[in-house]
């Protein structure tokens, strides 16, 4: 009996309720802000050698980790989420069953690669259209076991040009796989983290995720994606709402206010919100801040019609 049998799913018939089964459309890579900034600077998620208890640590194969899961009570892996389309990711690839790890919430691991790894005896070739495990395909539709943790190990780097969404997500309050109980991100809200990451992009002039941040939601008449609005809300909270921003300076002119706000975004993106607030305090009032932030967003994306949501 194959090891994946314990995690098998049944593809629902038309009209049937999907019980612990979900359609697989997109997958995610979640990290903490320092790792996210490195990814943005590289323009790709770089594969790394597997170091945990995995069977893959017997090799020097470098992989990146993706999952279809989005956790209601937050992620163990961080607060910044990069999302990729499943079909594009797997085109022309082979699948291998790696293992199942019995965490508190069991995780099944499947390797996705363009290499023939049949010589590695600890890997089992897996055909989602035939094998009845936690990942299945029928008539071009993909399904996954959403009761347990899906862990897809992609053999090689993943360029950010394929990313379709970038945003802050909630960290699990009582656990962190990387930093343990000392993780400083566990109590940050998703929109605050999203704001700090957007601030980093805007201040640094990094355009690696512009295509993802331009994807608009059908039915919404906005120039940019909801992730931008979420991020700006986080920036607003950090620099205006939190600790009651003072705005007791004399700066009103755009040629001075825009560099000040851009500098504040650089500090905020580096995780230094208190210094960022001191900088924007040089502005005369909230209206000046609003106008400068609007100008910075429009300039970054080369547009002129984006406005803050009132």
query: Does residue 239 satisfy the criteria of being under 22 Å from residue 80 (Cβ atoms) and either in the same structural domain as residue 169 (by TED's automatic domain parsing) or at pLDDT 95 or above (or both)?
result: no
message: I'm trying to understand the selection: among the residues of segment 1-25, which are crowded, with 16+ Cβ neighbours inside 10 Å and either touching a helix residue (DSSP H, G or I) at 6+ places or on another chain (Cβ under 6 Å) or part of a helix (DSSP H, G or I) (or both)?
response: 4, 7, 24
field: Selection within segment 70-92 - within 25 Å of residue 20 (Cβ to Cβ) and either exposed (fewer than 14 other Cβ atoms within 10 Å of the Cβ) or modelled with pLDDT of 95 or more (or both)
entry: 72, 73, 81, 83, 84, 85, 86, 87, 89, 90
- line: Only unsatisfied item for residue 98, checking (1) more than 19 Å from the chain's Cα centre (by Cα); (2) touching a residue at least 40 places away in the same chain (Cβ under 8 Å); (3) exposed (fewer than 15 other Cβ atoms within 10 Å of the Cβ); (4) more than 15 Å from residue 146 (Cα to Cα), is (3)
- request: Consider residue 198 carefully, then state whether it is over 15 Å from residue 267 (Cβ atoms), within 20 Å of the chain's Cα centre (by Cα), modelled with pLDDT of 95 or more and not assigned by TED's automatic domain parsing to the domain that holds residue 72.
  value: no
message: Could you tell me how many of the residues in segment 141-151 are at pLDDT 95 or above and touching a helix residue (DSSP H, G or I) at 6+ places or on another chain (Cβ under 8 Å)?
response: 2
- prompt: Inside segment 54-82, can you point out the residues that are in a strand (DSSP E or B) and closer than 24 Å to residue 7 by Cα?
  reply: 63, 64, 65, 66, 67, 75
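Residues to consider are 111, 89; find the one that is touching a helix residue (DSSP H, G or I) at 6+ places or on another chain (Cβ under 9 Å) and outside any helix (DSSP H, G or I).
Just a single option satisfies the conditions, and that option is 111.
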message: If I filter segment 147-165 for residues that are buried (at least 17 other Cβ atoms within 10 Å of the Cβ), assigned to a helix (DSSP H, G or I) and touching a residue at least 24 places away in the same chain (Cβ under 8 Å), do I get at least one hit?
response: yes
message: Looking at segment 177-189 only, could you name the residues that are in contact with a helix residue (DSSP H, G or I) (Cβ under 8 Å, 6 or more places away or on another chain) and closer than 15 Å to residue 29 by Cα?
response: none
Matching residues, segment 264-302, being under 25 Å from the mean Cα position of the chain (by Cα) and not in a helix (DSSP H, G or I): 270, 271, 272, 302
- request: Report the residue count in segment 227-248 for those that are in contact (Cβ under 8 Å) with a residue 12 or more places away in the chain and more than 14 Å from residue 276 (Cβ to Cβ).
  value: 8
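Is one or more of the residues making up segment 252-259 part of a helix (DSSP H, G or I) and either touching a strand residue (DSSP E or B) at 6+ places or on another chain (Cβ under 7 Å) or assigned by TED's automatic domain parsing to the domain that holds residue 34 (or both)? Spell out the reasoning first.
Start the filter on segment 252-259 by keeping residues that are part of a helix (DSSP H, G or I), which leaves 254-259.
Now drop any that are not either touching a strand residue (DSSP E or B) at 6+ places or on another chain (Cβ under 7 Å) or assigned by TED's automatic domain parsing to the domain that holds residue 34 (or both), which leaves 257.
Yes.
The values are calculated or read from the model by the stated rules, or taken from the named source; none is laboratory data. It should be emphasised that the depicted structure is a prediction, and the values quoted were computed from it without experimental measurement. Heads up, the Cβs are rebuilt from the backbone with ideal geometry, glycines too, and the neighbour counts pull from every protein chain shown.
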